[in-house]
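Notes for the one structure printed next.
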Amino acid sequence: ISKAFKANKDAVDASNLQNKRSVGATLKAAVDTNKIALQSLEAQQRPWITESSQIGAPIDFNVNGANITFLFTLDNVGHTPAEKVWVEAKLVNTIFGGGMPSIEEHQRVCNGPTTTTAPKNFALGEILFPGKPFSWAWSWTIPWSEIQGARAPNILGPLLYGCIEYSYGLSTERHSTPFRYAVIQADGRLLVQDGGFAQSTPEIPVPRLR
């Protein structure tokens, strides 16, 4: 093979390789553009759940601990129904143990099994339609081991944290709306009980809370 022929062949091969790379880059750009367009369309059409919550009943004390009821109002501000809606959450006393949960702990609760922390009075699999808010009261309990075993047993710092979980359509992903709710007295202080909290502690009425 002459040097001129080989040089020409090398040039052709280089040109073909460059063309393949160019076509590959063009195809990738088209795929990426299409993916972005689909994501944008999905974001416009999918459900989006917002939540607002408040204390739904007086805090009462029994053999199990401190029982706190939260009234959630869930609203789908998106364009399609949200399916399998449930609340995945945990109630803790921030005076006990590690205090305020970390972001990682919050994510762990949100990503946990849906059957372990969901209150028994909440039917998993609710459907929430756009423009039709859904209100429901759910209760959680802080056990005595996290109250009387705290550094200050006469102070209670309840915190509910978790996510509103849901899915939609053919999507296989779980979507969530995170939340945190710190229960305090109406004057902004933590809950205080002279002599410490016990089963005999009177109910704390809703007007005294926020």
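The residues in the range 123-170 that are among the small types (Gly, Ala, Ser) and within 14 Å of Ile68 (Cα to Cα) can be counted, and the count is 3. The residues in the range 126-149 that are in contact with a Ser or Thr (Cβ under 9 Å, 6 or more places away or on another chain) and aliphatic (A, V, I, L, M) can be counted, and the count is 1.
Whenever a residue of the range 53-72 is farther than 13 Å from Arg208 by Cβ, its partners that are in a strand (DSSP E or B) and among the charged types (D, E, K, R), lying with C-beta atoms within less than 6 angstrom and at least six residues away or across chains, give the pairs Asn67/Asp60; Phe72/Glu51. Can we say Asp32 is modelled with pLDDT of 90 or more and open to solvent by 30 Å² or more (accessible area, probe 1.4 Å)? No, not satisfied.
The values are calculated or read from the model by the stated rules, or taken from the named source; none is laboratory data. For clarity, every value in this text was computed on a predicted model and none was experimentally measured. No Cβ is skipped: glycine too gets one built from the backbone with ideal geometry, and neighbour counts run over all protein chains shown. Side chains are part of the model used for accessible areas, which takes the heavy atoms of the whole protein and leaves out ligands, DNA and RNA. Shrake-Rupley method; radii C 1.70, N 1.55, O 1.52, S 1.80 Å.
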